[in-house]
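Read-outs: derived from the displayed coordinates by stated rules, not from any lab. Keep in mind it's a predicted model, so treat the numbers as computed, not measured. As a convention, Cβ positions derive from the backbone with ideal geometry for all residues, glycine included, and neighbour counts pool all protein chains shown.
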Amino acid sequence: MSGPGTRRTGRRGTGGRVTVSDRAPTVDGMEQRLSLVTLGVADVPRAHAFYAALGWRSRADLGNDEADIVFIQAGGIVVALWSRAALAEDTGVSDTGGWGGITLAHNVRSPAEVDAVLQEAVDAGATLLRAGAATFWGGYNGLFADPDGHCWEIAHNPSWPITEDGRTLLAP
């Protein structure tokens, strides 16, 4: 019988129930969750208009009349639309057309956790692209590439709370 906090697994011999944890699963320290997807785009206003036309609501105000980056709450993650050239420069890669124009992000609760996760990734075989450091937006971040070259930003943003279940939320 299913009830609150359980879900059916369909496996024989388990009673068909599993407890659903309030925290994201972990694998040796790094919580198993995705916080933010940044899409590198050729024209931010055009991309913003496209997603708005799909019904996606944004928080584009960074104190500019025309934002250079657009943030969209998408369920438990955030989607960002940012200049492809600016994203490539920030990530430390050359955009020769083969790069996919995307950086995955994992937000954490403190600058110390940024450094710890970066070290865990390097220890697991990642290439450090940029060590943890203070950012122009008031946070702290660093970047690594996984063995296939996918870029990951590990970030602490003091303005974006992380819930107990690991969701990253845009500040109200």
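I'd like the residue in the range 131-149 that is under 11 Å from Ala121 (Cβ atoms) and not hydrophobic (A, V, I, L, M, F, W, C) and, out of all such residues, is surrounded by the most Cβ atoms within 10 Å (Cβ to Cβ).
Selected residue: Gly142.
Can you find a residue that is over 16 Å from the mean Cα position of the chain (by Cα), surrounded by 15 or more Cβ atoms within 10 Å (Cβ to Cβ) and part of a strand (DSSP E or B) anywhere in the range 78-89?
For the range 78-89, residues over 16 Å from the mean Cα position of the chain (by Cα), surrounded by 15 or more Cβ atoms within 10 Å (Cβ to Cβ) and part of a strand (DSSP E or B): present.
Of the residues in the range 97-124, how many are under 27 Å from Ala85 (Cα atoms) and either in contact with a Gly (Cβ under 7 Å, 6 or more places away or on another chain) or assigned to a loop (DSSP other than H, G, I, E, B) (or both)?
11
Find the residue count for the range 125-172, including only residues that are closer than 24 Å to Gly98 by Cβ, assigned to a loop (DSSP other than H, G, I, E, B) and free of Cβ contacts under 8 Å to residues at least 40 places away in the same chain.
Count: 6.
Condition first: over 13 Å from the mean Cα position of the chain (by Cα), touching a residue at least 60 places away in the same chain (Cβ under 8 Å) and surrounded by 17 or more Cβ atoms within 10 Å (Cβ to Cβ). Now tell me which residues in the range 102-124 satisfy that.
Within the range 102-124, Val117, Ala121 meet the criteria.
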